[in-house]
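The values are calculated or read from the model by the stated rules, or taken from the named source; none is laboratory data. The shown structure was predicted, so the numbers you read here are calculated from the model rather than taken from an experiment. We place every Cβ from the backbone using ideal geometry, glycine too, and count neighbours over all the protein chains shown. Accessible surface is based on the protein model in full, side chains and every heavy atom, while ligands, DNA and RNA are left aside. Shrake-Rupley method; radii C 1.70, N 1.55, O 1.52, S 1.80 Å.
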Amino acid sequence: MDIQKLLYIDRRIIYLLVAIGALIPIIRPIGLPVVPTAPVKGLFNKIDTLGPDDAVMISFDYGPSSEPELNPMAAAILRHLFIRKVRVLVVAIFPLGGVSMAIQQLERVSQEFDLQYGVDYVNLGYKDGGQAPMKAMGVSIHDVFPADVDGRPTDEMSLIQQVVNYDDIDVVISLATGVIGEWWANLINAQFGVDVAVGCTAVSAPKYYAYLRSGQMIGLLGGLKGASEYEKLLIDRYPEARELYGKPEEAKKSAITGMDVQSIVHVIIIAFIIFGNTMYFALRRSQRR
Amino acid sequence: MHPFGVPIGVWINAFLTLCILSFLYKDNPFFRFAESLFAGMSLGYYIGIVTENTLRPNLFRPLAQNFWGNVLLLIPMALGIMLYFRYIPSVAWLARIALAVYIGYYVGVYLMQKLHGDILFQSRDTIVSLRAGGVDTLWNIIVMVGVFSVLIYFYFSAEHKGALGKVSKLGIYFLMISFGASFGYTIMARISLLMGRFSFLVNTWLRPIISS
């Protein structure tokens, strides 16, 4: 066969093979093993030390475009916090869908537990301005969010009466696409000293390792891989989590199932990289002759 | 409405997903329709969310409930309105005042953020011990050599030849490893997005149709 033709194979053939590779595990999951890594364990172990007297802020800094990677992360972290009975404050700094993601995930997870809104958790909604509201929450969370996502006054909520600013928060977790996760590390951790962990899309994961190494972050969940590792830790540690993720509807949405797709498609891509390089060197060799 | 046992919203979602995926074959009107719809809806969503979650609770409601107690809120409100004066040529200069306040605030925040949160922390983390012991020493040497060689690569005040050229070339290798890691993660992210859409098409759209 002509090497030139093989080297310049129609990209749509590659798309088709990737599509087939992605569809097979969705239709019939394989169940490949997941091994948790230190950056994910960093956040998991921290939350494992918290209890009902502690409070965690989760910032939904992503929109629907990052949903497949960050929704499983959000669900797993919320479940962990609610199992440990940690009080949760939810905010959104990302404009295009952050608050919708927060509403969706809180509705999904909160109904699995016996929780009281305004006491055990609160959804404060979206605030415009990026770093401005983030910094202002260091003085007063209530001043930045006088009303929750549905317009209810927050000064009547016991959770907001008890959690005044970052001094009363044990960890801030940013589920981030783009740059907002960095702001929590290099602005809020640096200036207020509160522990920060970031769950981010895989695209932005490499840059967060610098913050993790320098101690500006206590944990990092990079993309679907990070989410699957967190789910694995949760399932291994808590029987109630094992029961939740055992339900067929939840299993379909889990990151562990998604990692089957990742693994198969990665094999296809690696095969094409090897194939492309082999053809390139074969062509060069034949041209030399 | 549930045609073939599936809510109409899921049908619309599936149709728009297929419109976007059709670009993989080639550019077409269905793709451009879905793309334009997405851009328009994003803008509408943004305006709605800012009005409901920021302007109403932080500006309109406090002014309505206690006008004189919150009278200072009129200043940011006026600055916000002034930004739109640029569309009226006779008073366009007023927009610059609001813009100056906006830029001044964020330059101040960014300056401290970068200095305090990035430069100081990251510089401190680069000054590592070469006597840490065992594998840590090796990693610390790699960090030190990597930072030094990459900095040399971006040093443009002298021609990159001789010793400088060799160190600069080493810097390129470090950069290439970094780009490789980023590329690998990017593939992972894109596959996750593809998986999300396929999972929706198979589990939320097609399976209920087949079983109905």
_Entries of A:Lys41/A:Lys225; A:Lys41/A:Lys253; A:Lys46/A:Lys85; A:Lys232/A:Lys252; A:Lys135/B:Lys114; A:Lys41/A:Lys232 with Cα pairs more than 19 Å apart_ = A:Lys41/A:Lys253
*Leaving out ligands, DNA and RNA but keeping every protein chain, what accessible area does B:Tyr105 have, in Å² rounded to the nearest 10, with a 1.4 Å probe?*
100
*Would you list B:Leu63, A:Leu89 from the most to the least accessible area, probe 1.4 Å?*
B:Leu63, A:Leu89
_Pairwise centroid distance, computed over Cα atoms, of region A:4-52 with region A:78-119, Å_ = 25
*Any idea what the dipole of chain B comes to, in debye rounded to 20, about its Cα centre with Lys/Arg Cβ at +1 and Asp/Glu Cβ at -1?*
140
*asked:* I need the shape label for region B:1-65. Rule: rounded when a/c is under 1.5, else prolate if a/b > b/c, else oblate, with a, b, c from the alpha carbon gyration tensor.
replied: oblate
*Please report, to two decimal places, log10 I(q)/I(0) for region A:177-289 at q = 0.09, 0.19 Å⁻¹ as given by the Debye formula with identical point scatterers on the Cα atoms and no solvent.*
-0.42, -1.01
*Over region A:1-69, what per residue volume does the convex hull of the Cα atoms give, in whole Å³?*
225
*How large is the charge dipole for region A:38-250, taken about the Cα centre, if only the Cβ atoms of Lys, Arg (+1) and Asp, Glu (-1) carry charge, to the nearest 20 debye?*
680
*Charge context of B:Leu193, other residues only, Cβ under 12 angstrom, K/R +1, D/E -1*: 0
*asked:* If the only charges are +1 at each Lys and Arg Cβ and -1 at each Asp and Glu Cβ, what is the size of the charge dipole of region A:1-150 around the Cα centre, to the nearest 20 debye?
replied: 560
*Computed [θ] at 222 nm, helices only, for chain A once each DSSP H run of length n ≥ 4 contributes -39500 (n - 2.57)*: -16000 deg cm²/dmol
*Let me know the Kirkwood hydrodynamic radius for region A:38-250, please, with Cα pairs as the basis and the value in Å to one decimal.*
16.8
*Whole number please: convex hull volume per residue, Cα atoms of chain B, in Å³.*
328
*For chain A: relative contact order, % (alpha-carbon pairs under 8 angstrom, 6 or more apart)*: 25
*Filter the DSSP H helices in chain A by two things, a Kyte-Doolittle mean of at least 0.0 and an axial alpha-carbon span of 18 angstrom or more, and list the hits by number.*
A:11-27, A:67-83, A:255-288
*What figure in square angstrom, to the nearest 10, would you give for the accessible area of B:Tyr25 with a 1.4 Å probe?*
150
_Using +1 at the C-beta of Lys and Arg and -1 at the C-beta of Asp and Glu, which of A:Leu16, A:Thr278, A:Gln111 has the Cα lying farthest in the positive direction of the dipole of chain A?_
A:Thr278
*Based solely on its DSSP helices, what 222 nm [θ] is calculated for chain B when runs of n ≥ 4 H residues each add -39,500 (n - 2.57) and the sum is averaged over all residues, nearest 500 deg cm²/dmol?*
-21500 deg cm²/dmol
*When the Kirkwood hydrodynamic radius is evaluated over all pairs of different C-alpha atoms of the protein assembly as shown, what value in angstrom, to one decimal, is obtained?*
25.6
*asked:* Please report the antiparallel percentage of DSSP beta bridges with both residues in the protein assembly as shown, rounded to the nearest 5.
replied: 5
*Taking a point 7 angstrom from the Cα of B:Ile97 along the C-beta vector, which residues in region B:42-79 have backbone N less than 11 Å away?*
B:78-79
*asked:* Ordering A:Leu283, A:Leu70, B:Leu74 by accessible area with a probe of 1.4 Å, largest first, what comes out?
replied: B:Leu74, A:Leu283, A:Leu70
*When each pair of different Cα atoms in region B:73-127 is counted once in the 1/r mean, what is the Kirkwood radius in angstroms, to one decimal?*
13.2
*Rough spin-label spacing in nm, given labels placed 7 Å along Cα→Cβ, for B:Val145 and B:Ala163*: 1.7
*Length-normalised contact order for chain B - Cα pairs under 8 Å, 6+ apart - percent*: 20
*Positive end of the charge dipole of region B:128-212 (Lys, Arg +1 and Asp, Glu -1 on Cβ, about the Cα centre): tell me which of B:Leu138, B:Met176, B:Ser149 has its Cα farthest that way.*
B:Met176
*Return an integer: the convex hull volume of the alpha-carbon atoms of region A:147-231, in Å³ per residue.*
122
_Sort B:134-141, B:199-206 by packing, meaning the average of other beta carbons within 10 Å per residue, with the highest value first._
B:199-206, B:134-141
*asked:* Can you give me the C-alpha center-to-center distance between region B:133-212 and region A:134-166, rounded to a whole angstrom?
replied: 39
_Theoretical gain in end-to-end length, B:Phe67 to B:Leu16 [0.36 nm per residue, Cα-Cα removed]_ = 13.7 nm
*Give the relative contact order (percent, whole number) for region B:73-127; include only Cα pairs under 8 Å separated by 6+ residues.*
21
*Provide the per residue accessible area, probe 1.4 Å, for the protein assembly as shown, rounded to a whole number of square angstrom.*
53
*State whether region B:33-120 is rounded, prolate or oblate according to the following rule on the C-alpha gyration tensor (a ≥ b ≥ c being the square roots of its eigenvalues): a/c under 1.5 gives rounded; otherwise a/b larger than b/c gives prolate, and the remaining case gives oblate.*
rounded
